[in-house]
There are 2 protein chains.
Amino acid sequence: MDPEKNHEINIKQSEDRFRENLLPSLSVNTVLFSYHQERLNVLLLKFGDTGYFMLPGGFIRRDEDVDEAALRNLKELTALENIYLEQFYVAGNAERSTDPVVVEFLKKQGYEKISSWLSQRNVSICYLALVNEKKVKPELNVQFISRYLWADVTNLPPLLFDHTTIIEKALSRLQSDMDQKLLSNNLLNEPFTMSDLQKLYEAVFQKKFTRSNFQRKMLKRDILARVGKKYEGRAHKAPYLYRFKKVKAS
Amino acid sequence: MDPEKNHEINIKQSEDRFRENLLPSLSVNTVLFSYHQERLNVLLLKFGDTGYFMLPGGFIRRDEDVDEAALRNLKELTALENIYLEQFYVAGNAERSTDPVVVEFLKKQGYEKISSWLSQRNVSICYLALVNEKKVKPELNVQFISRYLWADVTNLPPLLFDHTTIIEKALSRLQSDMDQKLLSNNLLNEPFTMSDLQKLYEAVFQKKFTRSNFQRKMLKRDILARVGKKYEGRAHKAPYLYRFKKVKAS
DNA sequence: TATTAATGTATCAAATTGATACAATAAGTA
DNA sequence: TACTTATTGTATCAATTTGATACATTAATA
């Protein structure tokens, strides 16, 4: 059998399954932040050979909470579990689901039907998550996804749909949450030095902090526990190593 | 013709229209705050004779933005236009759409079909808005809505679905936005005195502020313009009257 | 004209923040 | 071993902000 025909049949079947099991008009997208080599990165998936990238995402089953759907999709795409997820934005523009790059690409490949399916009106509920890059194993056996990329948030490639806007909203939410919630938690490997923590803050806020004042502020918050010293074999005082204190059960 | 049969046909027609024109699985709800007689209130609609209330809401047309849908529904239900609306929460629990009170009520009245329709899985995108109670003309020609109520947020009646949770989330968002965005704007009639403004803040934050410090804080923000004095015919110094300064076009 | 009650503003101490200085120390170098 | 270097931990000081309180102003009334 013609493999392409076979493929279209598979699509037809999955489309039927979609109708049965998934909520129509809705999807979730997750902005996965990581911190690696002093850069704040975002996980992106490359769409075919278009040169365009997109955020990981997926659909919502009829019997699961929207939050659960976000967690499940995250697990399916990256093998991550027990991750802090925060719902920060709804992408609800009527025109957002049609991207000429996607339509063009699919038509060129003969996927007229899939094209119209993927271009259906769709509202996306957007989450952000914070992860250690090394613990993420992106799943690439997904149609049209050719590779993945941890992209520096200050230097994003071209993105499909309104995903650039979504990432901007995610970053500003991350900034306003950074001080309150214990977000650094997921982004830094313990133990870490005060300097490590400061560099993370600087990557997130995209500005410099005064060292001594940053240290004072962090120590005063009573969230760090000193667990030793780090001897780097370099000619200076060894910095303390820290872990985050366990959050009190309240 | 039997009026109830006739009614069911109307429902059938509107259900068909629903399928054609509206996004399935999705709705919007709006928490409409007002400030009246030193109380922070929320607009609620009474569901039949059940003793239960609900938030105003509606559906999203296939060709309109989610934000537009929220504005349109608000206009249809209250005749309000050009209102500050903020998306603050997504109610996405799988079980949220089924409320035994609603099911019971509709069955009792013989509306089996409508009951199952209204109980379909539904994700609600929630907005908050701030309005002058006197400018709101709630529309009561809506099926099952018997009356409306401006309910004190500190003393809510029983609510259907997860609407109590939604209002709690709305209040905490209102509190965190109060200082940044010029929200008082929509809640106070201009001109107002400093004491009026303070009472509004006290209703929103549900706590008292020290008068002199509140005044200092507000004056320093450079958002108020003095426009005269208020002679109340009472034995004390006349307070200044204020308006909000026009926001600079930036 | 004195009294009263609410208002506008000043004041003072405490807490917070930004900038800078300085002491401590791990390793390299003479 | 003593001195140097680089980085870290902490102290200090002024400027700013915040909470509490005091006091002066003033519109109506007795």
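Coordinate-derived values only; no laboratory data. Owing to the predicted nature of the structure, the values given are computational and were not obtained by experimental measurement. Every residue, glycine as well, gets a Cβ built from its backbone with ideal geometry; the counts of neighbours run over all protein chains shown.
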List the distances, in nm and shortest first, from the label point of B:Lys135 to the matching label points in every other copy, placing each point 7 Å from Cα along the Cα-to-Cβ direction.
4.9
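To the nearest whole number, what is the average tally of beta carbon atoms from other chains within 10 Å of the beta carbons of peptide B:66-74?
Details: counts 7, 4, 3, 3, 1, 0, 0, 0, 0.
Across the residues of B:66-74, the mean count of other-chain Cβ atoms within 10 Å is 2.
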7 Å along Cα→Cβ for the label point: how many nanometres lie between B:Asn82 and each equivalent label in the other copies, listed shortest first?
5.4
Tell me, what is the percent relative contact order of region A:3-178, built from C-alpha pairs under 8 Å that lie six or more residues apart?
32
When only alpha-carbon atoms are used, what values of Rg and Dmax, in angstrom, describe region A:188-244?
11.5, 31
Shortest first, in nm, what separates the label point of A:Gly51 from those of the same position in the other copies (7 Å along Cα→Cβ)?
6.7
Taking only Cα atoms, what is the 0 to 90° angle, nearest 10, from helix B:66-78's long axis to the longest principal axis of chain B?
90
Quick check: the angle from helix A:211-220's long axis to the longest principal axis of chain A, C-alpha only, nearest 10 degrees?
90
Fraction of antiparallel bridges per DSSP, chain B only, in percent to nearest 5:
75
Cβ-based net charge around A:Arg243, under 11 Å, with every Lys or Arg adding one and every Asp or Glu removing one:
+2
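Convex hull volume of the Cα atoms in the protein assembly as shown, per residue, in Å³?
Numbers: hull volume 104.7 nm³, N = 500.
Each residue corresponds to 209 Å³ of Cα convex hull volume.
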Calculate, in nm to one decimal, what A:Ile223 and A:Thr98 gain on full extension: separation in residues at 0.36 nm each, minus their alpha carbon distance.
40.4 nm
Normalised by the residues of region B:188-244, what does the relative contact order come to in percent, with Cα pairs under 8 Å and at least six apart?
42
Could you pull the Cα extents of chain A along its three principal axes, largest to smallest, in whole Å?
69, 40, 33
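Over region A:118-238, what relative contact order in percent results from Cα pairs under 8 Å that are six or more residues apart?
On the way: 40 pairs, mean separation 25.7, N = 121.
About 21 percent, as a whole number.
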Round to the nearest 10 and give me the degree value, 0 to 90, for the angle of helix A:3-21's Cα axis relative to the longest principal axis of chain A.
70
How big is region A:25-155 by Rg and Dmax over its Cα atoms, in Å?
14.9, 44
Compare the Cα positions of A:Ala69, A:Gln109, A:Met54 along the charge dipole of region A:34-121 (+1 at Cβ of Lys, Arg; -1 at Cβ of Asp, Glu; about the Cα centre) and return the one farthest towards the positive end.
A:Gln109
What is the magnitude of the charge dipole of chain A about its Cα centre, with +1 placed on the Cβ of each Lys and Arg, -1 on the Cβ of each Asp and Glu, and no other charges, expressed in debye to the nearest 20?
1700
